[in-house]
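Readers should treat all values here as calculations from the given coordinates under stated rules, not as data from a laboratory. Because the structure is predicted, anything quoted here is derived from the model rather than measured. Cβ placement follows ideal geometry from the backbone for every residue including glycine, while neighbour counts extend to all protein chains displayed.
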Amino acid sequence: MENKTNKIDLNNIIAIDVHTHAEVSCRQPHDDFRPEFDEAFAKYFKSSHRPTIAETVAYYRAQKIAFVMFCIDAEFELGRKRIPNEEVAEAALENPDIMIAFASIDPHKGRMGAREARRLIEEFGIKGFKFHPTVQGFYPNDRMAFHLYEVIAEAGLPMLFHSGHSGFGSGVKAGGKLRLEYSNPMHLDDVAIHFPDSPIIIAHPSWPWQDEALSVCLHKPNVYIDLSGWSPKYFPPQLVQYANTQLKHKMLFGTDFPLITPERWMKDFEGAGFKEEVKALILKENAARMLGLG
């Protein structure tokens with residue numbers, strides 16, 4: 001499949017959002033299995049709006065912000081049908097001036113998952129992969145996932161991991177039996193050792209393990225942190241401190257759209273204590289380098 005237009009022109013965008021979600025499929029109905037998750041999710045985030053991929057593309061193009069989008073495949077742990085990776089990938093191929101597609105494959109799919117990853121990379125130009133250890137039900141350093149990681153590493157693509165608390169499952173009885181411990185970012189230290197040439201992105205301020213995330217990012221050259229999921233005005237002070245100093249080249253702008261909009265994030269970013277000289281790095285330059293867009 002071929003792109004219709006040229007790739008992202010960095011001179012024509014103001015930022016790169018490395019963390020947005022595909023929440024609605026236009027090819028299949030929403031799977032209402034276990035609706036208690038949807039109800040608790042809407043209550044926790046005070047929102048039930050789920051824009052289509054096309055609506056998200058139009059919104060980000062109007063904002064002049066490039067964005068990375070993905071679904072989450074948690075079919076093993078949740079028993080709920082995923083949004084097709086191909087739907088996200090084809091939207092990116094249709095809108096390569098603004099959109100970058102990551103895929104999500106449940107690591108429990110083993111070698112079949114690895115085969116799917118290779119096909120998505122070769123046939124659809126997928127540019128990275130998203131993992132959510134809590135929702136997918138695995139420790140990131142479990143060798144079960146290495147079949148999948150090896151294909152991603154062979155292509156030199158980024159692996160983005162949810163970290164810290166999970167809004168998904170919050171308020172459901174027993175948390176929906178989802179384990180927060182899976183998303184302790186310290187588990188990614190082992191992944192970074194085994195796959196040192198692939199960018200590894202720790203998503204979100206990693207509460208309650210922020211210091212662990214900063215330590216892994218500082219110690220391993222291939223580890224980054226995306227700042228999605230929280231308004232910057234609520235960032236832990238040590239996260240801002242390291243973003244302004246030793247980790248200024250390893251922090252990435254992300255929103256968690258549609259849960260947080262780039263307008264709100266950027267407005268709060270201005271007054272959150274970040275140095276002027278690092279703002280451009282966080283908003284665009286670090287991601288452009290990490291994604292190979294330069």
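What the table shows:
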quantity: Highest to lowest packing among 176-183, 244-251, scored as the average C-beta count within 10 Å; calculated: 176-183, 244-251
quantity: Sparsely packed chymotrypsin sites (Phe, Trp or Tyr not before Pro) within the range 3-90, loop by DSSP, other Cβ within 10 Å at most 14; calculated: PHE33
quantity: Listed residues ALA74, ALA62, ALA272, most fluctuating in the chain (Gaussian network, C-alpha, under 10 Å); calculated: ALA62
quantity: Links that overshoot a 28 Å alpha carbon limit, given the list LYS43/LYS177; LYS177/LYS279; LYS43/LYS275; LYS127/LYS284; LYS109/LYS279; LYS43/LYS220; calculated: LYS177/LYS279; LYS43/LYS275; LYS109/LYS279; LYS43/LYS220
quantity: Separation between Cα centres of the range 209-256 and the range 153-183, rounded to whole Å; calculated: 17 Å
quantity: Low-density loop positions, trypsin sites (Lys or Arg not before Pro), the range 3-65 - DSSP coil, at most 14 other Cβ in 10 Å; calculated: LYS4, LYS7, ARG27, LYS46, LYS64
quantity: Three-way shape label, the range 21-154, alpha-carbon gyration tensor, a/c 1.5; calculated: oblate
quantity: Relative contact order for the range 115-178, counting Cα pairs under 8 Å that sit 6 or more residues apart, in percent; calculated: 41 percent
quantity: Shape of the range 92-168, Cα gyration tensor, a/c cut at 1.5; calculated: oblate
quantity: Global form of the chain, assessed from the alpha-carbon gyration tensor, a/c cut-off 1.5; calculated: rounded
quantity: The chain: most fluctuating residue of HIS21, HIS30, HIS204 per GNM, C-alpha cutoff 10 Å; calculated: HIS30
quantity: Normalised contact order of the chain, rounded percent, pairs of Cα under 8 Å and 6 or more residues apart; calculated: 18 percent
quantity: Calculated [θ] (222 nm, deg cm²/dmol) that DSSP helices of n ≥ 4 give over the chain, each run adding -39,500 (n - 2.57); calculated: -10000 deg cm²/dmol
